[in-house]
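> Here you go, one structure.
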Amino acid sequence: MTKGIYITSSEPYSGKTIMVLGLMEFLVGRIGRIGFFRPVVNESCQLDSFISLIKSRYQQFNGYETMYGCTFEEARILLVEDRREELYSLILEKYKNLEAQCDFVVCVGSDYTKAAAAVELEFNMAMANHLGIPMLPVLKGADKPVMSIIDATQMIINQLRDHRCDIVAVVVTHVNPADREKLLSLLGTIFIDDLPIYVIAEDPRLQMPTIGEIANSLQAELISGSQELLDGVVKNVKIAAMELPHFLEHIEEGSLFITPGDRSDIILGLLAADLSGLYPHIAGLILSGNIKPAPKVRQILESLGAKTLPVLAVDMGTFPTAIAVNAVECSIGPWDHRKIAAALGLVETSVDLPEIIQRVALAPSEHMTPLMFQYELIHRAKSNRKHIVLPEGIEERVLRAAEIALFRDICDITLLGNEPDIKRKISSLGLSLEKAKIVDPLTSELRELFTATYCELREHKGISWPIAYEAMSESTFFGTMMAHLGYADGMVSGATHTTAATIRPALQIIKTQPGISIVSSVFFMCLEDRVLVYGDCAINPDPSAEQLADIAINSALTAQTFGIVPRVAMLSYSTGKSGQGPEVDKVREATQMAQLRRPDLKIEGPLQYDAAIDIDVAKLKLPGSEVAGHATVFIFPNLNAGNNAYKAVQRSAEAVAIGPILQGLNKPVNDLSRGALVPDIVNTIAITAIQAQL
């Protein structure tokens, strides 16, 4: 069975990067151990850009030396000395060493920056054959008429087949969006054999350099502004030479300005314009001429810190700086999170990745790794698109997560809050959230309906209209009512709100599912090589035996929902019949209740943690158990044990803790840690969307 795929092109800047990212994102959801390999890299003393990107994003690879065959200079010497077979053998040996450790290897051909295209294409074709893996050629369609693209496609297919290369599919990138459908139709008519050909349209977001790319290329010093804003794209470059009043008239969306470092008026004017919210989003400012701002101006920059636009300093003069900026080639680096999200969205909507992998004769792995888990979250959410409301619409982390969710097509998004304030915040951050809906609970026409509904639901508590009307001004109550009445499918809150502020409205409005006695929570603990489920680590301080049985069953079903085979360990300080006391008895009673109610589930207890997770310990303490040593779901006896355990594992094992994920409600509402990072929020949004599908 083939264990790899070879992605190549026939010219530089073909769009290989977006295809590699899309394929890697797909494979991490299907394969236990993925290898990444480049036959040739440009320099040994400098990290290859492709390898750097992949290592940074997926963080599951061996050392850098194992991920490439040789340097370009080593290859050139061997080819000049007509030692071609020695070159192929060198690369093949390194590839096979990597392949032996992996379930699948993605191999990416040379970059066409050091030799003639024909020579490099011949090398890549020969190399793919020697490695015994099929090829996926990527062609660049930018600035080419439709018929020229068709001719180039036919040429590359003929060349590969002439060299007896196996072709999985052909991908054409950077095509004019207006030509895409016509090109697809013509390609389908001309190439009638069984070879899939995919067309990816040009996306301006990927053709504009980011501030970070420009800063790296110019070796600029960041003297003020947020590091996060370095991933903002530059839509136009302007030299600030005129006086301030006239200059302000030339501010456009995404402008990068270049001015000498002693132009205090321009520096302060741009800062004021950026902070005022009256002007379009400014990408950044470059100070030229090796001149630092005046001391008082520098004090102002230092006091603003990360609150304002990026201000860079370079040694070059103004016009050389402008020339250097315009010469920067667009790429996708490890830091370009927005570009990566946009690239993944393009590939996932334009290319049938499952078909490609099926053609490579890949057998899916049953091993659930964190990368697989997160892949499944995104793709399961996309499979049946839902609508998620985010009550903290002004919070930066929430806005960044919402942008990624929309880029990845995870779900529809509604942001709650004051619309002008949210739009100003979006603009100041340089985000693209045009597809997000913004609703202000204070002015929404739904507030009257929500108030009436809340009065009905809480009639037994004597809730009056004024109290209900006031409650609906709070974003968490308003968002919960949106989910309850079907205006949204679920809610994610907690980045700035307390757990109580998120859960209380859900308990009052959405309420628990029939037969469920308690709302509880789980964390998905993403360790290096597996994903475990911990419950309840966030909600219930001291559940009774019956409640603990409910938590165990609900946690098992949650695990099952997200592709984790549930083997439930009811945790205590003793294993089996070895211990006595109220706490152990409670766990033992809860285990028996859960087993009686759901005999189809594997539930064992009481178990100590080491007996639950370690096979060798399990053999000694509870031999013959189907759960001990193999547990995937861990139920803690109380909140004190659970909360400390998940945080200890999170910090000590550097695990990613996704949650808390609430279970037992009629509609999905999920809480965030107030320290949640943007990826945590994206994962929770995806989980909420999946829960809404059930």
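The values are calculated or read from the model by the stated rules, or taken from the named source; none is laboratory data. Keep in mind the model is a prediction, meaning the values are calculated, not measured. As a convention, Cβ positions derive from the backbone with ideal geometry for all residues, glycine included, and neighbour counts pool all protein chains shown. All accessible areas refer to the heavy atoms of the entire protein, side chains included, with ligands and DNA or RNA removed. Shrake-Rupley method; radii C 1.70, N 1.55, O 1.52, S 1.80 Å.
> Looking at segment 675-694 only, could you name the residues that are more than 24 Å from Trp335 (Cα to Cα) and part of a loop (DSSP other than H, G, I, E, B)?
Leu694
> Give the residues of segment 300-316 that are open to solvent by 30 Å² or more (accessible area, probe 1.4 Å) and either within 20 Å of Ala240 (Cβ to Cβ) or in contact with a Pro (Cβ under 9 Å, 6 or more places away or on another chain) (or both), sorted by residue number.
Within segment 300-316, Ile300, Leu304, Asp315, Met316 meet the criteria.
> Can you find even one residue in segment 594-604 that is assigned to a strand (DSSP E or B), under 40 Å from the mean Cα position of the chain (by Cα) and among the β-branched types (Val, Ile, Thr)?
Among the residues of segment 594-604, at least one is assigned to a strand (DSSP E or B), under 40 Å from the mean Cα position of the chain (by Cα) and among the β-branched types (Val, Ile, Thr), which makes the answer yes.
> Any residue that is outside any helix (DSSP H, G or I), open to solvent by 10 Å² or more (accessible area, probe 1.4 Å) and in contact with a Lys or Arg (Cβ under 6 Å, 6 or more places away or on another chain) - is there at least one of those in segment 552-571?
yes
> Can you find a residue in segment 71-79 that is surrounded by 15 or more Cβ atoms within 10 Å (Cβ to Cβ), more than 21 Å from Ile34 (Cβ to Cβ), modelled with pLDDT of 90 or more and of a type in the set (A, V, I, L, M, F, W, C)?
For segment 71-79, residues surrounded by 15 or more Cβ atoms within 10 Å (Cβ to Cβ), more than 21 Å from Ile34 (Cβ to Cβ), modelled with pLDDT of 90 or more and of a type in the set (A, V, I, L, M, F, W, C): absent.
> If you don't mind, there's one more thing I want to ask. What residue, among those in segment 491-504 that are outside any helix (DSSP H, G or I) and on the phi < 0 side of the Ramachandran plot, is surrounded by the fewest Cβ atoms within 10 Å (Cβ to Cβ)?
Per the criteria, the residue is Thr498.
> Something else now. Six or more apart or on different chains, Cβ under 7 Å: which pairs go from a residue in segment 617-629 that's assigned to a helix (DSSP H, G or I) to one that's open to solvent by 40 Å² or more (accessible area, probe 1.4 Å)? Could you list them?
Listed pairs, sorted by first residue: Val617/Asp610.
Quick grid of which residues meet (1) over 23 Å from Pro293 (Cα atoms); (2) not aromatic (Phe, Trp, Tyr):
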site: Tyr198; (1), (2): yes, no
site: Ala201; (1), (2): yes, yes
site: Ile211; (1), (2): no, yes
site: Gln219; (1), (2): no, yes
site: Ser226; (1), (2): no, yes
site: Leu229; (1), (2): no, yes
site: Lys235; (1), (2): yes, yes
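> Check whether at least one residue in segment 101-115 is modelled with pLDDT under 90, open to solvent by less than 10 Å² (accessible area, probe 1.4 Å) and either touching a Leu at 6+ places or on another chain (Cβ under 7 Å) or under 17 Å from Ile167 (Cα atoms) (or both), and report yes or no.
The answer is yes; a qualifying residue exists.
> Oh, and also: From the residues in segment 280-295 that are out of contact with any helix residue (DSSP H, G or I) (no Cβ under 8 Å at 6 or more places or on another chain) and not β-branched (Val, Ile, Thr), which one is nearest to Gly269 (Cα to Cα)?
Pro295
> If you don't mind, another one. Among the residues that make up segment 151-163, is at least one of them in contact (Cβ under 8 Å) with a residue 24 or more places away in the chain, part of a helix (DSSP H, G or I) and within 27 Å of the chain's Cα centre (by Cα)?
No, segment 151-163 has no match at all.
> Right, Ile658: in a strand (DSSP E or B) and buried (at least 19 other Cβ atoms within 10 Å of the Cβ) or not?
yes
> Can you tell me which residue in segment 243-296 is least open to solvent (accessible area, probe 1.4 Å), limited to those that are part of a helix (DSSP H, G or I) and of a type in the set (Asp, Glu)?
Asp274
> For segment 505-549, how many residues meet the condition of being more than 29 Å from the chain's Cα centre (by Cα) and not in a helix (DSSP H, G or I)?
The qualifying residues number 13.
> Can I ask one more? Hey, can you tell me all the residues within segment 1-32 that are among the charged types (D, E, K, R) and over 24 Å from Ile156 (Cα atoms)?
Glu25, Arg30, listed by residue number.
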